[in-house]
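Computed from the coordinates by the stated procedures, all read-outs in this text should not be read as laboratory data. A quick note: this is a predicted structure, and the numbers were derived from the prediction, not measured. Quick reminder, even Gly has a Cβ in these numbers, built from the backbone with ideal geometry, and neighbours come from all protein chains shown.
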Amino acid sequence: WVTPEAEQRRFDARFFLARAPLGQEGESDDREALKVYWASPSQLLAECQRGAITLFPPTHRTLELLVGARTVEAAMTLPSRTTLEVICPRFVLEAGLPVLALPGDPAHEVKTPRIPGGSRYVLDDGRWISRNSPS
């Protein structure tokens, strides 16, 4: 994932999947990772939906992709089935709401989807919500 061109600070967001050794503990960096705990992808998505935590689109979509994996072994097979093509959302305003259109969305210049799931994220009431394009 690459931040949209409309952003002043641009960066690549990369996600890595690895087995954690038994007893492994996470640690906060006090900047981005403010709260550290173990949870399943479905638990984190539910917390996000309730408004208990904030997930930005790249993290949210990665968790959506991991939901179907019921075991670590199943999760470890996912990277071989996902794209390495760049996903650079396009920022647009629709009906007064900020929208991040993903490749495959009618509002994006890349017309072929590069990742499963909704074709866009809409910022609604302070939360990014995964949706399909209305058209």
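Could you line up ILE53, ILE87 from fewest to most neighbouring Cβ atoms inside 10 Å?
Lowest count first: ILE53, ILE87.
Based on the convex hull around the alpha carbon atoms, region 41-131 presents an average projected area of 6.1 nm². Among GLU109, GLU25, GLU73, which one shows the biggest mean-square fluctuation in a GNM of the chain, springs joining Cα atoms closer than 10 Å? The residue that fluctuates most here is GLU25. Label positions at LEU123 and ALA52, each projected 7 Å from the Cα along the C-beta direction, are separated by 2.6 nm.
If I stretch the segment between ASN132 and LEU97 completely, what's the gain in nm (0.36 nm per residue apart, minus their alpha carbon distance), one decimal?
Length difference between fully extended and current span is 11.1 nm.
For ARG114, ARG81, the sequence from fewest to most other C-beta atoms within 10 Å is ARG81, ARG114. To test your reading of the geometry: what angle, between 0 and 90 degrees and rounded to tens, separates the Cα axis of helix 57-66 from the longest principal axis of the chain? Taking Cα atoms only, the helix is inclined about 60 degrees. For ALA13, the residues whose modelled amide H falls within less than 5 Å of its own, excluding neighbours fewer than 5 places apart on the same chain, are VAL2, THR3. In a reduced charge model with +1 at each Lys and Arg Cβ and -1 at each Asp and Glu Cβ, the chain shows a dipole moment near 320 debye about its Cα centre.
In terms of other Cβ atoms within 10 Å, VAL72, VAL2 run from fewest to most in the order VAL72, VAL2.
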